[in-house]
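Worksheet for the structure shown next.
The values are calculated or read from the model by the stated rules, or taken from the named source; none is laboratory data. Not measured: the values here are computed from a predicted model. Cβ placement follows ideal geometry from the backbone for every residue including glycine, while neighbour counts extend to all protein chains displayed. All accessible areas refer to the heavy atoms of the entire protein, side chains included, with ligands and DNA or RNA removed. Shrake-Rupley method; radii C 1.70, N 1.55, O 1.52, S 1.80 Å.
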Amino acid sequence: MVGTAEKPATRRPAIQLNIKTILNQIQPHAGFVFQEIRLYGGPGQPERIEIIGRAHSGRARRCSRCQQPAPGYDELPERCWRHIPLWGIRVDFRYAPRRVECPEHGVVVEHIPWNEGKHRLTTTLMGFLARWARRLSWREAAQAFEVSWEAVYRSVEWMVVWGLAHRQLLGVESMGVDEIHWGHGLRASNFLTVIYQIDAHCRRLLWVGQGRSKRTLRQGLKALGPELVQGLRFVCSDMWKPYLEVIAAQAGAALHVLDRFHITMHLNQAVDQVRRAESVRLRAAGQAAAEQLKHTRWPLLRRGSRVRGRARQKLNALLASKLQTARAWELKEVFAHFWKYRSVMWAGGFLSYWTWRAMRSRLEPMKRVARMLRSHEELLLNWFRAKGEISTGAVEGLNNKIRVITRRSYGFRTYEAMEIALYHTLGRLPEPESTHKYC
């Protein structure tokens, strides 16, 4: 066999990319070029990349307000903007802004595409920090990318302001109104009024305001606009009187549905009040029946079908007694059948029967709930008129997300920061377009 000589492998030239090429690909700025890129730092010193920019000689300057071409006026000293870090190395943009003499706005700074207002961060970095602030707490985002907490806050604020100015409030048919406790104490300023869109295709925060008065809700409805309010089909709220009056006056054409979770909360509170009062009375009298009420708070507040094991055995023993707590719990469990009806007429008949039983129970907390339900009978029956087209549980689900946001961010010292965080996470706001998605 004749041996064949092996051909030498052809070597391809290595493709070497520099930072300028990458920036021109993912971060182009019309009218500007990247002139020079420098790396600073050394042993014992933090490394830093500086990108020097200059204006394109063939492009006219533009006004920063109207972005129309305008003649030049003068040049300002060089400024520096923080950019997204590269391989953990700090990156700075440097450029000497020019001023233009706009026929409409006078002498102003030229339009700089990577900057917004007087922020010392590029808009790319601000969007980057704002997106990460949805996944991490603001403190963690600041530590991860070596910026200040204030830089993260201003980035989120810029994103929220832009999103609120460009969001579309079209197709909103269902609205939920509720109050959330925020801060310490029970002052009026420690409550927030929140307005949600709770349609099946979109659930988001529409508006948030400080306080839970008529004035606060009126401000929210005014901010959303009369067209949105008049086009509503359903409104969901609890039985807070100021909300009921404002909704009846301004959104009377919509079907007002009461939140069933708040009604369940009132029933649970009534059962707990009966249990506590009876336990104190039996202990004072030295009766052995007081032992039956020990460690029964949480089993009594749960749905009966979810109580199992030893807790169920103790609950059964309690129900076999003639204690007032057992009668209160039975009334609460019977009312759960109210939500299973489909007919408005039969649901109204059941409500009349249940309130009659509660008024004859000689249990004052249950009687208060019965009187409350009687006074809101028409609004309660609207739940059946809606025929399942609206989910009142969406309001409580969004409320829980608000609590998670507050807990994840270790609380907020100012209402403004709290408001921005809620819009940022729950508002589903549009974001400014960028040439490249970094996260």
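State, to one decimal in nm, how far the label point of Lys340 lies from the label point of Arg276, with both points 7 Å from Cα in the Cβ direction.
Computed distance between label sites Lys340 and Arg276 equals 3.2 nm.
Among 308-315, 424-431, what's the highest-first ranking by average C-beta atoms within 10 angstrom per residue?
Peptide ranking by packing, descending: 424-431, 308-315.
Consider the candidate values (i) 95, 80, 56; (ii) 58, 54, 42; (iii) 77, 56, 42; state which one is Cα extents along the principal axes in Å computed from the structure displayed.
After the calculation, the listed value that fits is (i).
Give the lysines reachable from Lys367 as a straight Cα distance under 22 Å; neighbours fewer than 8 places away on the same chain don't count.
Lys241, Lys322, Lys332
With labels modelled as points extended 7 Å from the Cα through the Cβ direction, what inter-label distance (nm, one decimal) is found for Tyr415 paired with Phe32?
Each label point lies 7 Å from its Cα, and together they span 3.8 nm.
At His56 and Tyr353, where each label point lies 7 Å from the Cα along Cα→Cβ, what is the point-to-point distance in nanometres?
The modelled label-to-label distance comes out at 7.9 nm.
Which FRET efficiency value, to the nearest 0.05, do you get for Ala96 and Trp298 by plugging their Cβ-Cβ distance into 1/(1 + (r/R0)^6) with R0 = 51 Å?
Efficiency for this residue pair is about 0.15.
Specify whether the C-alpha gyration tensor of region 325-372 places it in the rounded, prolate or oblate class, a ≥ b ≥ c being the square roots of the eigenvalues: rounded for a/c under 1.5, otherwise prolate if a/b is larger than b/c and oblate if not.
prolate
Lys387: which lysines have alpha carbons under 17 Å from its alpha carbon, excluding same-chain residues fewer than 8 sequence positions away?
In chain and number order, the partners are Lys340.
What does the helix-only formula give at 222 nm for the chain: each DSSP H stretch with n ≥ 4 adding -39500 (n - 2.57), the total divided by the residues, and the result rounded to the nearest 500 deg cm²/dmol?
-13000 deg cm²/dmol
Please work out whether region 277-427 counts as rounded, prolate or oblate from its C-alpha gyration tensor, where a ≥ b ≥ c are the square roots of the eigenvalues and a/c under 1.5 means rounded, while otherwise a/b larger than b/c means prolate and anything else oblate?
Here region 277-427 falls in the oblate category.
I need the calculated FRET efficiency for the pair Ala311 and Gln269, taking r as the beta carbon distance and R₀ as 25 Å, to the nearest 0.05.
Computed FRET efficiency for Ala311 and Gln269: 0.80.
What is the gain in length, in nm to one decimal, between Ile19 and Arg120 on full extension, counting 0.36 nm per residue of separation less the C-alpha to C-alpha distance?
Here the segment from Ile19 to Arg120 would lengthen by 34.2 nm.
For region 194-264, just say rounded, prolate or oblate: build the C-alpha gyration tensor, square-root its eigenvalues into a ≥ b ≥ c, call rounded for a/c under 1.5, and beyond that prolate if a/b exceeds b/c, oblate if not.
rounded
With charges set only on the Cβ (+1 for Lys and Arg, -1 for Asp and Glu), what does the dipole of the chain come to about its Cα centre, in debye to the nearest 20? Don't skip to the end; give the middle numbers.
Values: 70 positive and 38 negative charges, 447 e Å.
Taking the Cα centre of the chain as origin, the dipole is about 2140 debye.
Quick check: at a probe of 1.4 Å, how many percent of the accessible area of the chain sits on carbon and sulfur atoms? Working shown, then result.
On the way: 12930 of 25250 Å².
C and S atoms contribute 51 percent here.
Expected output is a single nm value to one decimal: the length gained when fully extending between Glu78 and Phe261, i.e. 0.36 nm times separation in residues minus the C-alpha distance. What is it?
60.0 nm is the gain from fully extending Glu78 to Phe261.
Taking 0.36 nm per residue of separation and subtracting the Cα-Cα distance, what length does fully extending Arg283 through Leu136 add?
Answer, rounded to one decimal: 47.9 nm.
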